[in-house]
Amino acid sequence: MKRIPRGIPCLIVIIALFGYLSSVMGFTNMLNTIMRTAHDLLLNTVFYLMAMCVLTGALSRIFSVFGVVDLLQKMLKPVLRPMFNLPGVSSAGALMTFLSDKPAIISVAKNPKFARYFKRYQHISLVNFAGSYAMGLLVIIFMMGHGFYTEPLYGLVGAIIGSIIATRLMQRLILKECPQYKDEDVVEKDGSEKKTPYETHPDDPRQTLFVRVLDALLDGGKSGVEVGLAIIPGVLIISTLVMTLTFGPDTETGTYTGEAYQGTELLTFLASKAGFVFQWLFGFNASELVAFPITALGTVGAALGLIPEMMSKGIIDSNAIAVFTAMGMCWSGFLSADAATLDSLGYRHFISRSFTCTFIGGIAAGIFTHWLYVLITYLIELIN
């Protein structure tokens, strides 16, 4: 290997990847699909996430200025500390992602009044903790809208279990590599950090309530714009690759037309070959159900779009809905979102470890939810 010129392995990987894609899709269709997918992601996903970051950034700044963050720390510390080894204010990040998506944690985590409660290793693992509830409200409402009312609640419990595993495992890996992070604060406590007037003197009588609220909204929104720009590379590059390897040809014609969100279905094919494993772990009664968690790796929104077709085929059941809810929340496009989130927070070095922990957490959430559903169903049958 040492005798091989440095650029040869890179060329081999690039040629193999694009050679495979073009052999299945056609060279022109491949290029058109990649460009149109990236363009659509930029317009309809990235700008949406940027708007979400602006709003959540403004809300998190309001929470910090008017004492909500301190209140959460006092109220929820006895619960979150033993379960997740995180301060009580972490619940604010989980709430933001539950109501929106993973990148919502960025604006919250970058808030100095929020970050001051964290040690460095806890701050990094916050991405795994809060990300396990991403788009939770949307997923639960979607499932209930299709007639499943109790199953999503099983999935929510499973997502909590997956979050505990992913967060604790991430903290363990961080401390194993960087033990100094155990006692390192995220924000300096000597007052050296530059603060805005309302942060330094929140009760200054010279500032009216209206001015303080307006300043908090504008400053928080400004940080959200910066976050939105920072996530563009991760979302466009990684999501495009994942979707190109996950989705298939045009659903109506069955051919490749060069439109956005077409692909070779390689990941779905590989997962279907291990269908018996998914049946034992998650209770899936059809190999096609594997498409949901595989698609959720790229985006849970697209994964939810598969459910109506699965229902029309009659292959979906209550157990699958419960497992989908848990895994959809825990994974929720982490292959793109986690990379962009950690990168924007300055923790790019831990992206691969975060991937591993989130993947394991999602698997654990699905397994726990399946067997929880089996146990509760069995107990109900005994009672009846």
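Every read-out reported here was derived from the displayed coordinates using simple, explicitly stated rules and does not represent laboratory data. On a predicted model such as this, the values are computed, not experimentally measured, just so you know. Note: ideal-geometry Cβ built from the backbone for every residue, glycine included; neighbour counts use all protein chains shown.
In Å, what Kirkwood hydrodynamic radius results for the range 244-300 from the alpha-carbon pair distances? Let's see the in-between values first.
Details: mean 1/r = 0.0833 Å⁻¹.
Taking the inverse mean of 1/r over all distinct Cα pairs, the range 244-300 comes out at 12.0 Å.
Once you have all Cα-Cα distances for the range 67-193, histogram them in 10 Å bins from zero and send the whole-percent values.
It works out to 13, 41, 32, 11, 3, 0, in whole percents.
In cubic angstrom, how much convex hull volume per residue do the alpha carbon atoms of the range 82-144 span?
Once divided by residue count, the hull of the range 82-144 is 75 Å³.
Equivalent-ellipsoid semi-axes (√(5λ), Cα gyration tensor) for the range 315-355, whole Å, largest first?
30, 8, 7
Using per-residue counts of other Cβ atoms within 10 Å, averaged over each peptide, order 105-114, 374-383, 123-132 from highest down.
Going from most to least packed, we get 123-132, 105-114, 374-383.
Mind putting together the pair-distance distribution for the range 117-181? All Cα pairs, 5 Å bins, whole percent per bin, short to long.
Taking every Cα pair in the range 117-181, the percentages come to 4, 18, 21, 17, 13, 10, 8, 6, 3, 1, 0.
If you bin the C-alpha pair distances of the range 279-320 every 5 Å from 0, what whole percents do you get?
Spelled out bin by bin, the range 279-320 gives 6, 24, 33, 27, 11, 0 percent.
For the range 5-52, divide the Cα radius of gyration by the Kirkwood radius and give the resulting Rg/Rh value with two decimals.
Over the Cα atoms of the range 5-52, Rg/Rh equals 1.20.
Roughly speaking, what % of Cα-Cα pairs in the range 1-156 are separated by over 21 Å, rounded to a whole number?
Result: 62 percent of Cα pairs exceed 21 Å.
Calculate the radius of gyration of the Cα atoms of the range 255-384 to one decimal place, then report Dmax, the largest Cα-Cα distance, as a whole number, both in Å.
Reported Rg and Dmax, both Å: 16.4, 56.
What translational diffusion coefficient, to the nearest whole µm²/s, does the range 261-336 have by Stokes-Einstein, given a Kirkwood radius computed over alpha-carbon pairs, a temperature of 25 °C and 0.890 mPa s viscosity?
Answer from the Stokes-Einstein relation: 198 µm²/s.
Over all distinct alpha-carbon pairs, what is the Kirkwood Rh of the range 309-384 in angstrom?
In the range 309-384 this quantity evaluates to 14.4 Å.
Specify the inter-centroid distance of the range 269-313 and the range 61-110, based on alpha-carbon positions, in whole Å.
If we compute the Cα centre of each part, the gap is 32 Å.
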